[in-house]
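Heads up, the thing below is written out as structure tokens.
The values are calculated or read from the model by the stated rules, or taken from the named source; none is laboratory data. Predicted model, so just to flag it, every value in this text is computed and none were measured. With ideal geometry, Cβ positions are generated from the backbone for all residues, glycine too; neighbour counts draw on all protein chains shown. All accessible areas refer to the heavy atoms of the entire protein, side chains included, with ligands and DNA or RNA removed. Shrake-Rupley method; radii C 1.70, N 1.55, O 1.52, S 1.80 Å.
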Amino acid sequence: MGWVTNRSKSWELKNMWGVFLTFLFSILVFSGLQSAFIIAMGFSVKKRSWIIFAIINYIITMLYFFLFLLLFKNINTFVQAAWFVFPFINCLFAAFISKEYLQRLDLQLLGKTLEWGKTYPYDKDIPESIEIKQLSEAEEFSIVLLKWQDKIDELSIKKDIDKMLTLIKVIGEKDNTESAKFFARHTNVVEKMLRQYDELENTNLDNEIIKKSKDKLTESIHLATKGFENELTLLFKSEILDVDAETEAYLQNLKNKNII
């Protein structure tokens, strides 16, 4: 159990990168980078107010900078006066939003679709997410795939998702270490690709850049499906070899005892 989520403390620390980087670059010359980190956090969990704050804070910082130069024509005086002020505001704000950021990120990773401008009380919304978390890895992955299959319009991707669902069911039934490695290797990346494709579809843009991006994602998703097939084949091959070796040992033991 973490400090503000139901995940581990190590997970929370790992995903606090935006806050840590904001503190790391708490020097005036890097205030633009601080704002960029806060904006990235806002985009990742769909929090518009954070993005607006970071942009306004950066604009005010730059206006103050040029006004100070214009009036005093001495950058050293400006640095002495504002060395801590604006970076400190960014750090304070990043620390303030860290709890909500981690909770929204947790809900999003557990399958909840976040929307811009909406708040999500963690204690209220987490029970639904916990139900998903308690499912098997195969069932959880299947729920994610079904969600994107319903949202995405591209038929070839829908067909690839159908194949993935069939393969996932078989792999999930193989309750062993290799199947666990399979889900750890594929789940997050495949979901990100499907999410990205859905976002590109929703732009309703039909220019060359969007088309190339969609084509690349379509090909990547198709290759991921082939990867599923190949991994399942390898799992069967490994099991067959294990059974063959076990059978040979069993028969040899019977022969040694003159039973056969």
Given the pairs LYS47/LYS169; LYS46/LYS151; LYS99/LYS216; LYS14/LYS192, which are separated by over 29 angstrom at their Cα positions? LYS47/LYS169; LYS99/LYS216
Solvent accessible area, Å² - VAL170, 1.4 Å probe, full protein context: 50
Test of understanding: extend the Cα→C-beta vector of PHE43 to 7 Å, then name every residue of segment 106-120 with backbone N under 13 Å from that spot. none
For SER10 and SER220 in the same chain, what is the full-extension length gain: residue separation times 0.36 nm, less their Cα-Cα distance, in nm? 72.5 nm
